[in-house]
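These notes are about the structure you will find just below.
None of the figures in this text is laboratory data; all of them are computed from the coordinates on show. Computed from a prediction, not measured in an experiment: that's the story for all the values here. Using ideal geometry, Cβ is built from the backbone for each residue, glycine included, and neighbour counts are taken over all protein chains shown.
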Amino acid sequence: MLRTDPELALDQVTEASKYAADQFEKLAGVPQEPALSELIRDFEKTHRRHISNLEESIRGMGNLPSEPDPDREAFNRLATRVKAALAEDRDRVVAESCRDIETRIVEKVHQARKENFSDEVRTLLDGIGGDCGRMRRRLEEFLQS
């Protein structure tokens, strides 16, 4: 099924959010610092909420949302775990990985905002972008502490 540019852009935000939620679910148990683990769990919950709203919007456009590539997810998670295991500061590696994931979503939201969406979808995208920005700031604060 062919997708319009707006449908494709929204699906890319959805896929990036699913990827983030799946990665965060698995990475939350890696850090030694309980505060970072809890932060990552909060991020996962936020993304799960966004996913639900994004999928509803995609279905409202008459399409089905895509799923992230499970092999890519597993490889990236393994790479992060190996880097963390070999690093002097495992928590730093995990926090940087999470920050990179959030940055990817912000980029996808920015690209999607260029498309012609309803006010409702624009508000949703603004909320996701704002949440990701706040999550990145929290990760930066952790990395600077």
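For the chain, the relative contact order comes to 31 percent (Cα pairs under 8 Å, sequence separation of at least 6). When peptides 60-69, 22-31 are sorted by average Cβ neighbour count within 10 Å, with the highest value leading, the order is 22-31, 60-69.
With R₀ set to 22 Å, the beta-carbon distance separating ASP5 from ALA74 gives a calculated FRET efficiency near 0.15.
Taking Cα atoms only, the orientation of helix 119-144 departs from the longest principal axis of the chain by about 10 degrees. Applying both filters, DSSP loop and at most 16 other Cβ atoms within 10 Å, to the GluC sites (Glu not before Pro) of the range 77-145 gives GLU88, GLU115. Computed from Cα positions, the angle between helix 70-86 and the longest principal axis of the chain comes to roughly 20 degrees. Output the 0 to 90 degree angle, nearest 10, between the alpha-carbon long axis of helix 90-112 and the longest principal axis computed from the alpha carbons of the chain. Taking Cα atoms only, the helix is inclined about 10 degrees. Evaluated over the chain, the count of Lys pairs having alpha-carbon atoms less than 24 Å apart is 9 (only pairs 8 or more residues apart or interchain).
With Cβ to Cβ distances under 13 Å as the rule, what net charge do the other residues near ARG134 carry (K, R +1; D, E -1)? Charge balance near ARG134 sits at -2.
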